[in-house]
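Working notes, structure below.
The values are calculated or read from the model by the stated rules, or taken from the named source; none is laboratory data. Treat the numbers as computed from the prediction; the structure is a model and nothing was measured. When we count neighbours, we look across all protein chains shown, and the Cβ atoms used for this are built from the backbone with ideal geometry, even at glycine.
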């Protein structure tokens, strides 16, 4: 749909016309107007947008859909809303973490690195994190291993939907420290950004990993898993070097979660930390990162992989070559199933043994990402039998990991933290959400404005010089989005219910530059 096809009410049109275009030469009046737009959304939401924004890397225009709408027909999980931001956070470790049960004060993912530093009695600057003191025992000896487990996508809204599927977590919650009001802390809530916050104790406005792709070093935004993009050291970076690289540092999971452990040997004085990375069901490390990390070459040949397909085939109660409706035809198909989670747990155990995690008195650190909830969420969302099955699967893995750690590292010799990087978007028919077609949105932006580079679910990057040559402005893009309707986002507006076409889809849109001096956020 084109801008000219709009049918806006007169009051809303007057409001839109009150905003002048904002660019590098914005007027004071225009900036003040856009600040009012940004501050019109709930304060916790705009704080998360601010904490997720980096002026050299983020998109030039930010937008927040009207709740419960979301951008992305593939069930996006990018946004500042509580259902995406609320995550589990458990600290557990007999002899190290007191059994205080539920802690109600607000905390964020950034607090985890600060807590580890306190446990290690190691001085570390976590810009946005504070130690979770309830989880730190008085005069406790240092553990031999700190083990971090991330249920990717396993936010509290997912767990709440399946309350009987995680008995192991419930048991450990009573015996450790369960932070009832833990949040991610920044938006967009995507895997690379939040895992990096976990490792650095900082939000993206400081560490620079703002989205799945971003602008770095000029030019258009691009997808980059290169660890050189990380602007801050992680706790693991500094702790490892300070101890002569004696600690064993490692990661098992998707390559986009390397921000948990940091820079490897690219950090001055660092060594090649263990990185068992996987993508689409195959264990591998990209040709750039492999020069800085040690990929354990024995992992692809470990036993158990050949058993995934027959095991997954049986797990839905039918032996038919499928897991529910999913044909099990490729390695990537297998990663959607609880059988793959069970296999990955075996890989983790073997890595602990072979790399000698927790084998001496110098504390080691191992970070593990289970991707299965995230993958099922993108493909099937919830409620669904697939999601119920994988939540049960990761909880069973948690019980197995506790036994593995007791067996390999020793009872009372380790600390475990369990969390998630975001929640997940429920099926639209259960919430009344309008799914904003990301493809159509991108096409509409490009039809109406020159210089649109890379629209994402919460922001878009813009070549400002090209935009100006076409007579446009960042303010003009924001105004367009503020008035963007359901009919414009629909290829066949006649298919919409009567009166639905005029529904505006976004609660706020504004040039990103206003985030740098915003009166309603905490800097």
Given (1) in contact with a helix residue (DSSP H, G or I) (Cβ under 9 Å, 6 or more places away or on another chain); (2) within 23 Å of residue 458 (Cβ to Cβ), number of the condition residue 237 does not satisfy | (2)
Mind listing whichever residues of the stretch 233-269 are in contact (Cβ under 8 Å) with a residue 60 or more places away in the chain, assigned to a loop (DSSP other than H, G, I, E, B) and crowded, with 21+ Cβ neighbours inside 10 Å?
-> 234, 247, 248, 261, 262
Of those in the stretch 213-232 that are free of Cβ contacts under 8 Å to residues at least 24 places away in the same chain and either assigned to a loop (DSSP other than H, G, I, E, B) or out of contact with any strand residue (DSSP E or B) (no Cβ under 7 Å at 6 or more places or on another chain) (or both), the residue surrounded by the fewest Cβ atoms within 10 Å (Cβ to Cβ) is 218
Among the residues of the stretch 492-504, is any under 31 Å from the mean Cα position of the chain (by Cα), farther than 16 Å from residue 60 by Cβ and at pLDDT 95 or above?
-> yes
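Do any helices (runs of 4 or more DSSP H) lying entirely in the stretch 161-212 carry at least 3 residues that are farther than 21 Å from residue 101 by Cα and within 15 Å of the chain's Cα centre (by Cα), and which ones are they? Give the steps one after another, and end with the answer.
Numbers: elements: 167-175, 191-200, 204-207.
Those helices (runs of 4 or more DSSP H) span 191-200, 204-207.
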Of the residues 98, 80, 106, which is in contact with a helix residue (DSSP H, G or I) (Cβ under 8 Å, 6 or more places away or on another chain), surrounded by fewer than 20 Cβ atoms within 10 Å (Cβ to Cβ) and touching a residue at least 12 places away in the same chain (Cβ under 8 Å)?
-> 98
